[in-house]
Every structure is written in structure tokens, then in C-alpha cells.
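Just below is one structure, and these are the notes that go with it.
The values are calculated or read from the model by the stated rules, or taken from the named source; none is laboratory data. Predicted model, so just to flag it, every value in this text is computed and none were measured. All Cβ positions, even for glycine, are placed from backbone atoms using ideal geometry, and neighbour counts span all protein chains on display. Each accessible area value is taken on the protein alone, full model and side chains, heavy atoms only, with ligands, DNA and RNA left out. Shrake-Rupley method; radii C 1.70, N 1.55, O 1.52, S 1.80 Å.
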Amino acid sequence: MPADLTGPEGTEAAAGGDAARDDFIDASLFLGMHSADEGLRIAAKAFFVRRLEGRVVMSLEQVGRCDDVIWGYSHELQSLYYPFMDHLHTVMDISREGYDEADVRLALSDSDTPQQLPFIDRMLLGQVINRKGLLHTAGHRSSAFDGLPVRAVAAWPAGEPEPSFPEPLERLYLTSLALRLPLGRGASPEGV
């Protein structure tokens, strides 16, 4: 599976006309901004910093999966995390969309989505494929995604400066880092 080229120079993989596709994100990429793995955390953050003026699509189920993970932490940590997340969802065009019948048909299709994937992944892929999008993820994805419109963010190069959000978002982000998640290459909370 190809990786986003989200290095310090800011280039992105755009082979095959990806630039014209809707960019979909999953919970692993959104939550990746709070990963305990620094390379993953900065790479996920860079994805959002670079697309702050653009648009991304996130299924309502993936939004809920993020909340499900965060709600498992103390009220104190949630109170430090949610101001950043709320502000990001306000200033960035994150289109939160439900599945439609065509998405579900593709998820159930043996020829369009690999049957060995968990059903939640098949549903998300059905939505992405139906809407001719490109899914960006930070999650551990198997070779079962080969040939599908999925890109994993590449780890941030060690020693490169971390990109910043504009204020006040950066300040809120730094405060939100009191919450760090056990996300890394090959490790993620259940279902993310």
C-alpha cells in the first residue's frame, strides 16, 4: 500500500489523479495526532496542518469511534482534549457523512472489498470507493488493502521540525497532548 509523502517538504502522493479525489480520513489518522509514537503523531498532525484550508470527509461511524476511544479516559483528560478537537472541527471543513445504500452494497461485494477485512473496514472502503475517494489512514493496514484507494501516512522524519497549526489552534493542540494514546505502527485501540 502506498504511503502519503508527508515529509517536511510538504509533497503528497498524487499518482493516478488522487488530487481530484475526495480525501477521506479514518479514526486512526485523527487519533494519530495524539499518538504516544512521536513519528506517527507528527505525521498525523502534518496531514491536518497541510489540509486545514481544504476539505476532508469522515464517516459518522469513524467520528463515533474517535469519541468512543476518548470517552474511555478521565474527565480531566477529556477536558484538555476536546477544546482542540472542537476547534479543529470548526475551522477545518471536515464533512461528516453517513453511509448510503450504494456504500453498503460495495461493502458487501466480494469483488469490491476484501472479505477477510473486518466489516467496519469494508463499510468504510465501500463509502470511499462509491464516492471515488482516497482513504488516508495511520492505522496498521494489511496487504489486503493493496490495489485499493488507501494511503498510509509515512512516519515523520526524525530531526525535522514539527509543523504548527495557526493560533489559537496550536495552543489548544499543545494543551490537548496531555492525552497520549497507545497508537503506533501495528498497534491501535480496538477497531481503530
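Go through 119-126, 166-173, 41-48, 95-102 and give me the packing order, highest mean Cβ count within 10 Å leading.
41-48, 119-126, 166-173, 95-102
Applying a 10 Å radius around every beta-carbon, put 71-80, 106-115 in order of their mean neighbour count, most first.
Values: 71-80: 12.0, 106-115: 15.0.
So the peptides 71-80, 106-115, ranked by packing, come out 106-115, 71-80.
Assuming a ≥ b ≥ c are the square roots of the Cα gyration tensor eigenvalues, decide whether segment 43-124 counts as rounded (a/c under 1.5), prolate (otherwise, with a/b larger than b/c) or oblate. Write down the numbers at each step before the final one.
Values: a/c = 2.46, a/b = 1.65, b/c = 1.49.
Verdict is prolate for segment 43-124.
Using the Cα gyration tensor of segment 99-160, with a ≥ b ≥ c the square roots of its eigenvalues, what is the shape: rounded (a/c below 1.5), prolate (a/b larger than b/c) or oblate (neither)? Let's see the in-between values first.
Details: a/c = 2.88, a/b = 2.05, b/c = 1.40.
The shape class here is prolate.
With Cβ to Cβ distances under 13 Å as the rule, what net charge do the other residues near Leu172 carry (K, R +1; D, E -1)?
Result for the neighbourhood of Leu172: -1.
Give the percent of DSSP beta bridges with both residues in segment 39-192 that are antiparallel, rounded to the nearest 5. Spell out each step's value before the answer.
Numbers: 1 of 9 bridges.
DSSP beta bridges in segment 39-192 are roughly 10 percent antiparallel.
At 1.4 Å probe radius, can you tell me the per residue accessible area of segment 61-184 in Å²?
Details: 5970 Å² over 124 residues.
Ligands and nucleic acids excluded, the result is 48 Å² per residue.
Using only the alpha carbons of segment 16-59, what is the convex hull's orientation-averaged projected area in square nanometres? The partial results should precede the final answer.
Working: hull surface 14.0 nm².
Here the figure is 3.5 nm², rounded to one decimal.
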